Each structure stands twice: as C-alpha cells, then as structure tokens.
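The values are calculated or read from the model by the stated rules, or taken from the named source; none is laboratory data. Just so it is clear, the structure is predicted and the values come from calculations on it, not from any experiment. Reconstructed Cβ throughout: ideal geometry from the backbone, glycine too, with neighbour counts over all protein chains shown. Side chains included, ligands, DNA and RNA excluded: accessible areas come from the protein's heavy atoms. Shrake-Rupley method; radii C 1.70, N 1.55, O 1.52, S 1.80 Å.
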Amino acid sequence: MYSARHVILIGHGPGSRPIMDLLDRRTTSAMKSVKAVVQIIGHSTVPSTPKYNEDLTEWYYKNSFVVLPSTHTVLTPTLKPKDLRKHGYLVRIDESQVVKLIHRALPGIDQFIKQQLGRQPS
C-alpha cells in the first residue's frame, strides 16, 4: 500500500474480518491510500473498528459500504445509531440469499466506488 493511492478493499462474509485487521494494523497508510472499503457481510458477523481508535472509526464510516440483509441480527431495534457507526455505513437490502444479495447490491457498490474515486483527498 506504500505507493498506491487509489486502493479499494473488498471483503465477503468471513473474509471481511481480515480487512478490519489490516486497517487496524496499518491505519495511517490505509487512511492515505484506501479510497473505499466494500464489505458484503451476508449473515456473517459484522466486523467493527477498534474501540480505542476514534480516527479510524470516523474514517471507516465515511469510506465504507457494508452490505447486509435487512434481517441481519446486528439490526436490532434496541441498538443505537451511534453504536452502528463502528460497523461502517450499513446498507440494508431486502434479500436473505447471499448470491442474490450481492447481485442486488452491485449497482450501489458501483456508484459508491465511482463516488469515492472522484472525491478530493481530505
């Protein structure tokens, strides 16, 4: 990630956890190089940013697109919106089958990536 400047990280299901580990270990270089993080969670556990790293949590919320079914267990009525921020920008889709979830999410993912690549560095 040293010389790359337009990195897009994509994770699917349990493969999303290593992306969060990478962001945690390489926070400074990731925040400079990574333009977008796309994660299609399905019914897996939604990874979250470390509690102790507010800068990463804020950055991740602004630069993530996390797809999950609208019936995912993390979306409980008692969960506060501020507690969801650690999971990134959650995109709920009314689909429970993972393959169909990906298919329905692709137009939004495409738009999100184009938007992120068009943004000026902050």
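Tabulated data for the structure shown
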quantity: Candidate values (i) 25.5; (ii) 15.2; (iii) 14.6, label of the one derived for Kirkwood radius over Cα pairs in Å; calculated: (iii)
quantity: Acute angle (nearest 10 degrees) that the helix 16-25 long axis makes with the longest principal axis of the chain, alpha-carbon atoms; calculated: 30
quantity: Between 0 and 90°, nearest 10: helix 98-118 axis offset from the chain longest Cα axis; calculated: 30
quantity: Sum of -39500 (n - 2.57) over DSSP H runs of 4+, divided by residues of the chain (222 nm, nearest 500); calculated: -12500 deg cm²/dmol
quantity: Pairwise FRET efficiency - Leu106 versus Ser48, Cβ, R0 = 25 Å, nearest 0.05; calculated: 0.55
quantity: Proximal lysines to Lys114, defined as alpha-carbon separation beneath 21 angstrom and excluding residues fewer than eight positions away on the same chain; calculated: Lys32, Lys35, Lys62
quantity: Longest segment of the chain lacking chymotrypsin sites (Phe, Trp or Tyr not before Pro) that sit in a DSSP loop with at most 11 other Cβ atoms within 10 Å; calculated: 53-122
quantity: Residue-normalised accessible area of the chain, expressed per residue, 1.4 Å probe, Å²; calculated: 61
quantity: Distribution of pairwise C-alpha distances over segment 55-122, 10 Å bins, in %; calculated: 19, 45, 32, 5
quantity: Computed over segment 1-62, the ratio Rg/Rh where both radii use C-alpha atoms and Rh is Kirkwood; calculated: 0.95
quantity: Distance between segment 44-77 and segment 89-122 - C-alpha centres, whole angstrom; calculated: 14
quantity: Longest DSSP-loop-exposure-free segment, trypsin sites (Lys or Arg not before Pro), the chain, at most 16 other Cβ within 10 Å; calculated: 52-118
quantity: Angle in degrees between helix 54-63 and the longest Cα principal axis of the chain, rounded to the nearest 10; calculated: 70
quantity: Carbon + sulfur, % of accessible area of the chain - ligands and nucleic acids excluded, 1.4 Å; calculated: 55
quantity: Residue of Val38, Val91, Val99 that the Gaussian network model of the chain assigns the largest fluctuation, springs spanning Cα pairs under 10 Å; calculated: Val99
